[in-house]
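J.: Structure incoming, see below.
The values are calculated or read from the model by the stated rules, or taken from the named source; none is laboratory data. Being a predicted model, the structure only gives us computed values, none of them experimental. Here the Cβ is made from the backbone with ideal geometry for all residues, glycine too, and neighbour counts use every protein chain on show. Side chains included, ligands, DNA and RNA excluded: accessible areas come from the protein's heavy atoms. Shrake-Rupley method; radii C 1.70, N 1.55, O 1.52, S 1.80 Å.
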Amino acid sequence: MLDVVLPPGYDPAAPTRYPVLYLNDGQDLRRLRLPATLRQLYRQRQLTPFVLVAVHAHQRIQEYGTAAQPDYLGRGSRAGQYTEFVLHELLAHIQQHYHATSDPNQTVYAGFSLGGLTAFDFVWHHPEVATRAGAFSGSFWWRRRAIEDGYTDADRIMHRLVRARAAHPDHRFWLQTGTLDETNDRNHNGIIDSIEDTLDLMAVLVRQGLPDSRIRYVEVVGGRHNQNTWGHLMPDFLHWAFGTLGTRPPLPVLQVDKAQLTSPWNIRQRLNRQRHLGSKFFSQYLAASVLSVSSMSSSHRPAAGQYNAYYDTYISLVPEGTDPLVQLQQQPEQLRHLIGPLTDEQAHFAYAPGKWSIKEMLVHIIDTERIFAYRALRIARGDQQPLAGFDQDEYVPNSGANDRSLESILKEYDTVRAATLSLFESFQAAAYDRMGVASGFPVSVRALAYILPGHEAHHLHILQERYLPHLPA
């Protein structure tokens, strides 16, 4: 069984054949929310059109694994046959009937768990037909000996297969783990096996000649071994595989129950250990791809007496259990993916007479952030002088926003956000509950940390509801 998903404007007679993604566990397309994700990314012009071939699993515990050998329990006994089917039947069928490319550099293979292991194994051994693979929570623990039978790390099958041959010059891999993928920890070093096996595999890849810049590793704090987490990560993977030149990958947003984040280790410390170091630049590269919860000291919500009730709406837009600094970290990517595709002319659009243009709204967000961050600084330092308010309706007309390029406004936004995050992350725990007076009302540093992302979330909602659906062409 196959699901074949064709891109918008698909033309079977197009002069150039389409890139193609072969995906294991194709029966899970809707559980992964993949059709909706594709619609959104195409609408936002994030993706180059490609053909998606989702292969339904039949006996996945036998069909998936490594083609060279089954594991110690005999699982994966038909993985070799499945690989032969893909190699000699499936690819030819799709190329013949769906105008898909045979260019290995435009052919991507991906999967989840055991399906991710299978995709990786296929691309590692067959770069003549596909050079790129994605593995969501890949089962790189696949081993030839049981733990109780004297297992060592040398028994991991995929690691052994990688060590047996050099990397292809065009190989590229997208690898993902979640800190709640599992609880197993074979060697009791505080790192769950799924993460350790993946990090070890990456180190072997680099030793086999693969530049670390050709590996994208995404580790999700709070991510689980299920379709919900993988579905949230799909935009990042799809952008890595087929992203439109000049666009950025959408940032996944996971609602994380921080009470379940039991991992005591820090990724930078782990990646600095020689055991996982593929090259001196390895940890620097990987650190940029880690999605994690920030270290805001004591992130419980502000009490009612710590802010003017006017700001209840904004604070309510920071979901329960969410660290507001994490929301601040995520919002620039969200904003870029809503605003980035717009032309300067479209950014002049206002949804009704007398309303701000999109550019003016963005500058308002920036101005407000600067003022509220300044208030937080004064109060955190113990300054008890009452702080004056400001009239947003006076600020906006004097901002000159509509005379600026959209890109210049977005660059300023990024600069201000980086400064805000740096400021709040510098505060000690005691600073968050210090009180001051602003606009005639008491306010705490903690409340300001919540108001800022809530204020932006409010405007992003208005942008999506009132601006973007009515943009002129």
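J.: Please go through segment 420-452 and give me each residue that is under 30 Å from GLN40 (Cα atoms) and touching a Phe, Trp or Tyr at 6+ places or on another chain (Cβ under 8 Å), ordered by number.
T.: Those that are under 30 Å from GLN40 (Cα atoms) and touching a Phe, Trp or Tyr at 6+ places or on another chain (Cβ under 8 Å): TYR450, ILE451, LEU452.
Residues checked against (1) aliphatic (A, V, I, L, M); (2) closer than 19 Å to ALA447 by Cα; (3) part of a helix (DSSP H, G or I); (4) over 25 Å from the mean Cα position of the chain (by Cα):
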position	(1), (2), (3), (4)
ASP344	no, no, no, yes
ALA347	yes, no, yes, yes
ILE366	yes, yes, yes, no
ALA376	yes, yes, yes, yes
ASP393	no, no, yes, yes
VAL396	yes, no, yes, yes
LEU410	yes, no, yes, no
ASP414	no, no, yes, no
LEU421	yes, yes, yes, no
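J.: Turning to a different aspect of this structure: Just to check your reading of the model, which residue among TYR42, TYR22, TYR64 is closer than 15 Å to THR101 by Cβ and of a type outside the set (D, E, K, R)?
T.: Step by step, each of TYR42, TYR22, TYR64 is checked, and only TYR22 is closer than 15 Å to THR101 by Cβ and of a type outside the set (D, E, K, R).
J.: Scan segment 124-142 residue by residue and report those that are open to solvent by 10 Å² or more (accessible area, probe 1.4 Å) and touching a strand residue (DSSP E or B) at 6+ places or on another chain (Cβ under 8 Å).
T.: VAL129, ARG132, TRP141
J.: Could you tell me whether segment 263-271 includes any residue that is open to solvent by 40 Å² or more (accessible area, probe 1.4 Å), at pLDDT below 90 and among the hydrophobic types (A, V, I, L, M, F, W, C)?
T.: yes
J.: Charged (D, E, K, R), open to solvent by 10 Å² or more (accessible area, probe 1.4 Å), within 26 Å of ILE215 (Cα to Cα) and at pLDDT 95 or above: which single residue out of ASP121, ASP103 fits that description?
T.: Just a single option satisfies the conditions, and that option is ASP103.
J.: For THR66, are the conditions met, namely being touching an Asp or Glu at 6+ places or on another chain (Cβ under 9 Å), modelled with pLDDT of 95 or more, buried (at least 22 other Cβ atoms within 10 Å of the Cβ) and β-branched (Val, Ile, Thr)?
T.: Criteria met by THR66.
J.: Condition first: basic (Lys, Arg), under 30 Å from TYR151 (Cβ atoms) and either part of a helix (DSSP H, G or I) or modelled with pLDDT of 90 or more (or both). Can you find one or more residues in segment 223-230 that meet it?
T.: Scanning segment 223-230 turns up no residue that is basic (Lys, Arg), under 30 Å from TYR151 (Cβ atoms) and either part of a helix (DSSP H, G or I) or modelled with pLDDT of 90 or more (or both).
J.: Which one of ASP367, ASP323, ASP312 is acidic (Asp, Glu) and open to solvent by 40 Å² or more (accessible area, probe 1.4 Å)?
T.: ASP312
J.: Test ASP11 against the stated conditions and say whether it is open to solvent by 20 Å² or more (accessible area, probe 1.4 Å) and among the acidic types (Asp, Glu).
T.: Yes; evaluated as a whole, the condition is true for this residue.
J.: Given TYR82, TYR10, which one is of a type in the set (Phe, Trp, Tyr), under 22 Å from TRP141 (Cβ atoms) and either part of a loop (DSSP other than H, G, I, E, B) or over 29 Å from the mean Cα position of the chain (by Cα) (or both)?
T.: Of TYR82, TYR10, the one residue that is of a type in the set (Phe, Trp, Tyr), under 22 Å from TRP141 (Cβ atoms) and either part of a loop (DSSP other than H, G, I, E, B) or over 29 Å from the mean Cα position of the chain (by Cα) (or both) is TYR82.
J.: Mind checking which residues of segment 182-219 are touching a Leu at 6+ places or on another chain (Cβ under 8 Å), modelled with pLDDT of 90 or more and of a type in the set (Ser, Thr, Tyr)?
T.: Passing the criteria: only THR198.
One line per residue, one yes/no per condition, for (1) open to solvent by 30 Å² or more (accessible area, probe 1.4 Å); (2) at pLDDT 95 or above; (3) touching a Cys at 6+ places or on another chain (Cβ under 6 Å):
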| position | (1), (2), (3) |
| --- | --- |
| TYR18 | no, yes, no |
| PRO35 | yes, no, no |
| PRO49 | yes, yes, no |
| ILE61 | yes, no, no |
| LEU91 | no, yes, no |
| HIS97 | yes, yes, no |
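J.: Same structure again: Which condition number in (1) surrounded by 13 or more Cβ atoms within 10 Å (Cβ to Cβ); (2) touching a Lys or Arg at 6+ places or on another chain (Cβ under 8 Å) is the one that GLY382 fails?
T.: GLY382 satisfies all of (1) surrounded by 13 or more Cβ atoms within 10 Å (Cβ to Cβ); (2) touching a Lys or Arg at 6+ places or on another chain (Cβ under 8 Å) except (1).
J.: Filter segment 163-209 down to residues that are open to solvent by less than 10 Å² (accessible area, probe 1.4 Å) and part of a loop (DSSP other than H, G, I, E, B), then give me how many there are.
T.: Going through segment 163-209 one residue at a time, the tally reaches 2.
J.: I'd like the full set of residues that are polar (S, T, N, Q), touching a Ser or Thr at 6+ places or on another chain (Cβ under 8 Å) and under 21 Å from TYR72 (Cβ atoms), limited to segment 118-152.
T.: Result: THR118, SER137, SER139.
J.: Only one of (1) open to solvent by less than 40 Å² (accessible area, probe 1.4 Å); (2) touching a residue at least 12 places away in the same chain (Cβ under 8 Å) is not met by GLY400, so which one is it?
T.: In the conditions (1) open to solvent by less than 40 Å² (accessible area, probe 1.4 Å); (2) touching a residue at least 12 places away in the same chain (Cβ under 8 Å), GLY400 misses (2) alone.
J.: Within segment 417-438, restricting attention to residues that are open to solvent by less than 60 Å² (accessible area, probe 1.4 Å) and modelled with pLDDT of 95 or more, which residue is nearest to ASP391 (Cα to Cα)?
T.: ALA438
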